[in-house]
Amino acid sequence: MKVIAGLGNPGRNYEKTRHNVGFQAVDKLSESLRVSWKKEKKSQIAETFADGEKIYLVKPLTFMNLSGEALQPLMDFYQIPAENLLVIYDDLDLEPGSLRIRIKGGHGGHNGLKSIFHDLGTRDFKRIRIGIGHPEPGDSVISHVLGTFTPEEKKKVEESIQLSARAAESWLSAPFAEVMNEYNRKN
C-alpha cells in the first residue's frame, strides 16, 4: 500500500492560500485517477488501486500543524511503512512555482512536517515541495502562508501543482528515484 498526502488547512477560507498547495496537488491527482473523496475521522481520503497495489490519497483535516495526527492512525491501522508515504506540501525556501522532490530530509521549519516526524517517529518518507516564496520584508510568515498568490505567481504555482500531481502518479508505477530524477530536471 502507498499513501499520498497533500498538506493544507480545511475550510473555504484556506482553499486558495499558499499553505494549501498540497491539498490542490492531491485534488489534481484524484481527478486524474478518477477517484472521489470521503470524509473519515481526521482526513478526507480517496482510495484506488495501481498495479495491484492499494493507494490512499489523504488530505488531513487536523489543520497543517497537526498533520501527523491524521496520518499516523491510517499508517498504523494498515501497517504501511513510512517509506510508502509521499507528502506534498508548500515550501517558503523555494521560489513560487519551483518544485523539489526528495526521498527524505529535514523539516526546514515546516510545522506540518514537524508534526508528521513526531507522530510517525521517522523522517524517512518521500516528499514533493512546492515553492511559495518568502514573505516580503516586514511581513509575517503566517500572513504570507495564509495569503493568496499574485497573478504572476499563480500561473507558475498552478503549473507546479500539475507537475507534482503527475510526479506522484508516476510513483504509482515507477521507482521513486526515477520519478525524482525525471521531475527535478523539469523544474
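Values for this structure:
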read-out: DSSP beta bridge pairing in segment 1-124, given as percent antiparallel to the nearest 5; value: 55 percent
read-out: Among 126-137, 42-53, the order from most to least packed when residues are scored by Cβ within 10 Å on average; value: 126-137, 42-53
read-out: Total charge dipole magnitude, the chain, about the Cα centre, Cβ charges on Lys, Arg, Asp, Glu only, Debye to nearest 20; value: 200 debye
read-out: Three-way shape call for segment 106-187 based on the alpha-carbon gyration tensor, with the a/c threshold at 1.5; value: oblate
read-out: Paired Rg and Dmax values of segment 25-184, which use every Cα atom, in angstrom; value: 15.4, 51
read-out: Charged-residue dipole, Cβ positions (Lys, Arg, Asp, Glu), segment 23-95 about Cα centre, Debye nearest 20; value: 500 debye
read-out: Mean Cβ neighbour count within 10 Å, used as a protection proxy, ranking 161-170, 96-105, 29-38 highest first; value: 161-170, 96-105, 29-38
read-out: Cα-centre dipole for segment 1-54 with unit charges at Cβ (Lys and Arg positive, Asp and Glu negative), debye to 20; value: 260 debye
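Since every read-out is calculated from the coordinates, none of them should be taken as a lab result. Here the structure is a predicted model, which means the values were calculated and not measured. Glycine gets a Cβ as well: all are built from the backbone with ideal geometry, and neighbour counts include every protein chain shown.
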